[in-house]
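Visitor: Below is a structure I'd like to ask you about.
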Amino acid sequence: MQVIFDEITNADGIVFATPVYMWQMSAQLKTAVDRLLPFLRPGYTSSLEPGKRALLVVTQARPDTFFFRHYFEHVGNNLLFLGFGSYRILIAGGTRQPEDLTNQTELLIEARQMGQWLIE
């Protein structure tokens, strides 16, 4: 994780990406997020530079993109607690195959806009 800690420390923004598994993020991403705890100092202050942005990118088979949103809002709030300055969520619903994503023109436009936000 030290390599990842260094990368997060040096980055302006981070993309956290996951499919929805059992109503939540994958176990692999959950483990990585749980291991971000060292960014908290005693007294719950963060060692992250202020203003660091996080983008949560989620794919799910279910077409209703609001169905699991509350869970990812909670994840985003945990990232704020860890010291990230802000976060946004991009959910790609109805995605079982790659073309299910590439055929969603509005989603691709939103993804580009969020990418721009991440690097501003």
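What follows draws every value from the coordinates through simple rules; no lab data is involved. Just so we're clear, the structure is a prediction, and the values are computed from it rather than from any experiment. No Cβ is skipped: glycine too gets one built from the backbone with ideal geometry, and neighbour counts run over all protein chains shown.
Visitor: List every residue whose amide H lies under 5 Å from the amide H of LYS52, counting only residues 5 or more places away in sequence or on a different chain, with H placed 1.01 Å from N in the peptide plane.
Guide: GLY85
Visitor: Which whole-number percentage describes the relative contact order of segment 57-120, with Cα contacts under 8 Å and a sequence gap of 6 or more?
Guide: It rounds to 40 percent for segment 57-120.
Visitor: Return the sequence-ordered ³J(HN,Hα) values of segment 55-66 in whole Hz as given by the Karplus equation 6.51 cos²θ - 1.76 cosθ + 1.60 applied to θ = phi - 60°, using x for Gly and Pro.
Guide: Rounded to whole hertz, the list is 10, 9, 10, 10, 10, 8, 6, 5, x, 6, 6, 8.
Visitor: Using only alpha-carbon positions, what ratio does the radius of gyration of segment 2-119 give when scaled by 2.2 N^0.38 Å?
Guide: Its radius of gyration relative to the 2.2 N^0.38 Å reference: 1.09.
Visitor: Using the Cα atoms of segment 22-77 to build a convex hull, what is its mean projected area in square nanometres?
Guide: 4.7 nm²
Visitor: Go ahead and run the numbers for FRET between ASN77 and GLN116, Cβ-Cβ distance against an R0 of 22 Å, rounding to 0.05.
Guide: 0.40
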